[in-house]
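Asker: What follows is a structure written as structure tokens; I'll ask about it next.
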Amino acid sequence: MIISDYILYLIDDYQLSPREINNGLCADIADEIWRKFPIAKVLSDKDMGSPEYTHSFIYYLGKFYDVECPNGITNWKELPIFNRQLIEKR
């Protein structure tokens, strides 16, 4: 199984939208992904130099993943949750 397929499986298993999962369950999902793919790293925005912790996500084989980006992206700051947070702070 590839990581993208596993993330989609978890979304289905939780029976919540990706946005709902990312608002409170992101650390749980990241831990589940790490258990299935132990070479992945569980990170947060605080780990990446942000002054506060707001979101957990996965770094795996050069890409960052969460339930809203099951195919991975190369820049963690482009995860949709961070774009929403920027808009909400305005």
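Asker: By its C-alpha gyration tensor, with a ≥ b ≥ c as the square roots of the eigenvalues, how is the stretch 3-89 shaped: rounded for a/c under 1.5, else prolate for a/b larger than b/c, else oblate?
Answerer: oblate
Asker: Which ³J(HN,Hα) values, rounded to whole Hz and listed in residue order, are derived for the stretch 48-61 from phi using the Karplus coefficients 6.51, -1.76 and 1.60 in 6.51 cos²θ - 1.76 cosθ + 1.60 with θ = phi - 60°, glycine and proline given as x?
Answerer: 8, x, 6, x, 9, 8, 10, 7, 9, 8, 10, 10, 8, 6
Asker: Loop-only check: which chymotrypsin sites (Phe, Trp or Tyr not before Pro) in the chain are DSSP coil with at most 13 other Cβ within 10 angstrom?
Answerer: Here the sparse-neighbourhood loop sites are Tyr53.
Asker: Quick query: amide H of His55 versus all other amide H atoms, modeled in the peptide plane; which residues come in under 5 Å with a sequence gap of 5 or more or a different chain?
Answerer: Residues meeting the criterion, in which the H sits 1.01 Å from N, are Asp45, Lys46.
Asker: Which cross-chain or sequence-distant (5 or more) residues have an amide H under 5 Å from the amide H of Gly72, H modelled 1.01 Å from N in plane?
Answerer: Asp66
Asker: Using only Cα atoms, find the angle between the long axis of helix 3-14 and the longest principal axis of the chain, and express it within 0 to 90 degrees, rounded to the nearest 10.
Answerer: Rounded to the nearest ten degrees, it is 80.
Asker: Now a separate question. Would you mind working out the magnitude of the charge dipole of the stretch 3-89 relative to its Cα centre, with +1 at each Lys and Arg C-beta and -1 at each Asp and Glu C-beta, to the nearest 20 Debye?
Answerer: It works out to roughly 280 debye.
Asker: Which one, Ile21, Ile29, Ile39, has the greatest fluctuation when you compute a Gaussian network model over the chain with C-alpha springs under 10 angstrom?
Answerer: Ile39
Here, each number is a calculation from the coordinates, and none is a lab measurement. Quantities reported herein were computed from a predicted structural model and do not represent experimental measurements. For neighbour counting, all protein chains shown are included, and Cβ atoms are generated from backbone atoms with ideal geometry for every residue, glycine included.
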